[in-house]
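A short write-up of the structure that comes next.
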Amino acid sequence: MSDIETLENSIMVEIDGAEDENALEAVRVAALGKKGSISAQMKTLGKMSPEERHTMGPLLNGLKARATEAINTRKDVLKRAGIEMRLASERVDVTLPVRPNPLEVGRIHPISQVMDEITAIFSDMGFSVAEGPDIETDYYNFTALNFPEGHPAREMHDTFFFNSDKNGERRVLRTHTSPVQIRTMEVQKPPIRIVIPGKTYRQDSDATHSAMFHQLEGLVIDEKTNIANLKWTLLEFCKAFFEVDNIDLRFRPSFFPFTEPSLEVDIKCDRSGAEVKFGQGEDWMEILGSGMVHPNVLRGAGLDPDVYQGFAWGIGIDRIAMLKYGMPDLRPFFEADQRWINHYGFRPLDMPTLFGGLSG
Ligand code: DAH
């Protein structure tokens, strides 16, 4: 076998063995590039005798042409194989079922939804949100709120007490969100306009009570606020929250140690069917407690009751959630049952706003 045939064979083997386009390009450069093996042979033509050149010229040109063609053919094959591989790996099976968007799967718990709705309403009225600890001292939960030592009102709340500490003091699981009124007044100068959503605890449990439940406290303190402002605020809130325009409220005298006068608020409704309906009917249902902040409470929190006054209220969030969304039983709220949350939960990203609609 001549040298040229040997060279051709080895180049052809390399071309066939090139696994991808990069490898093939390397083979091409090694054969036909400036310093390639075929190019080296071509350079020898110049030094040959005319006879030699006459036979070698066509041989070398033939070799060059066949190598070039073999490379081009192999290139096409590799290119097509590449496309086939991509098509296979990126194939979409249009017969597969549509996978649900993760955003569509999760649900917002009705309590979170209602808290968002309430804070949307009150932020629109210029309130901000405040929070406090679930574990409270006796001072913030009772004493600062004008519950005298040993007063029976302390028993009213069926309190969960912790064991006494070294100093004989017993912490409590807060029985209401009212302690955050004090905590706020201690650190913030009036005017104060806050709502306080949060968890509260009492030893009580049946279809409409659970040992842990949720309240929303409201507090307004400035130099002029009066009971008419209290009534307007609560009326506007009820209209916006229950999404009914003709809400009727009734204010009854009541007693809370931290307010004077104290008022309980009933909402007019129709209780004849399975669901309670607002804006119609002749029944009344109690929905919240409220009043003008007691001078002792202001004084205890470092505010002069001759300068400052204000109002406060406390409302059960679980209860108004049940009323608004027609849930008969409170217990499933806290059972983490997926079927219940799928039924009563809210779609994520449907944030309640006054302009976009509260409940979607
Ligand atoms: N803290 C009271 C309770 O849990 C509710 C309440 C009543 C809060 C009147 C207030 C208020 O701020 O003014 O029963």
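The values are calculated or read from the model by the stated rules, or taken from the named source; none is laboratory data. All of these numbers come straight from a predicted model, not from anything done at the bench. Note that we place each Cβ from the backbone using ideal geometry, even for glycine, and neighbour counts take in every protein chain shown. With ligands, DNA and RNA removed, areas are computed over all heavy atoms of the protein, side chains included. Shrake-Rupley method; radii C 1.70, N 1.55, O 1.52, S 1.80 Å.
Here are the numbers for this structure:
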read-out: Inter-label distance for D158 and N22, nm, one decimal - labels placed 7 Å from Cα along Cα-to-Cβ; value: 7.4
read-out: Distant-in-sequence amide H partners of Q280 (H built 1.01 Å from N, under 5 Å); value: D270
read-out: Spacing of the two label points (7 Å from each Cα toward its C-beta) at M56 and H343, in nm; value: 9.5
read-out: Debye, to nearest 20: dipole size of the chain, +1 on Lys, Arg Cβ, -1 on Asp, Glu Cβ; value: 1220
read-out: Cα-based helix-to-principal-axis angle, 3-17 vs the chain, degrees rounded to 10; value: 20
read-out: Net lengthening on full extension, R271/E149 (0.36 nm per residue, minus Cα-Cα); value: 39.9 nm
read-out: Members of K189/K231; K43/K64; K239/K268; K34/K79; K199/K224 lying beyond 20 Å, as alpha-carbon distances in this model show; value: K189/K231; K34/K79; K199/K224
read-out: Residue-normalised accessible area of segment 3-89, given per residue in Å² at a 1.4 Å probe; value: 69
read-out: S205-L235 pseudo-label distance in nm [points 7 Å out on the Cα-to-Cβ vector]; value: 4.1
read-out: Net charge of neighbours whose Cβ lies under 13 Å from the Cβ of E8, counting Lys and Arg as +1 and Asp and Glu as -1; value: -3
read-out: FRET efficiency, 1/(1 + (r/R0)^6) with R0 25 Å, evaluated for A81 and A40 via beta carbons; value: 0.20
read-out: Whole-Hz ³J(HN,Hα) from phi, Karplus 6.51 cos²θ - 1.76 cosθ + 1.60, for segment 208-224, glycine and proline x; value: 10, 10, 10, 4, 10, 9, 10, 10, 10, 9, x, 8, 10, 10, 7, 9, 10
read-out: Folded to 0 to 90 degrees: helix 110-124 orientation relative to the chain principal axis, Cα; value: 80
read-out: Whole-percent carbon and sulfur share, accessible surface of segment 105-344, 1.4 Å; value: 48
read-out: Added length on full extension, which subtracts the Cα-Cα distance from 0.36 nm per residue, K224 to N72; value: 45.5 nm
read-out: All-pairs alpha carbon distance profile, segment 105-344, 5 Å steps from 0, percent; value: 1, 6, 13, 17, 19, 17, 13, 8, 4, 1, 0, 0
read-out: Dipole moment magnitude, nearest 20 debye, segment 207-331 about Cα centre, only Lys, Arg, Asp, Glu C-beta charged; value: 160
read-out: Net charge, I194 excluded, C-beta distance under 14 Å - Lys, Arg +1, Asp, Glu -1; value: -1
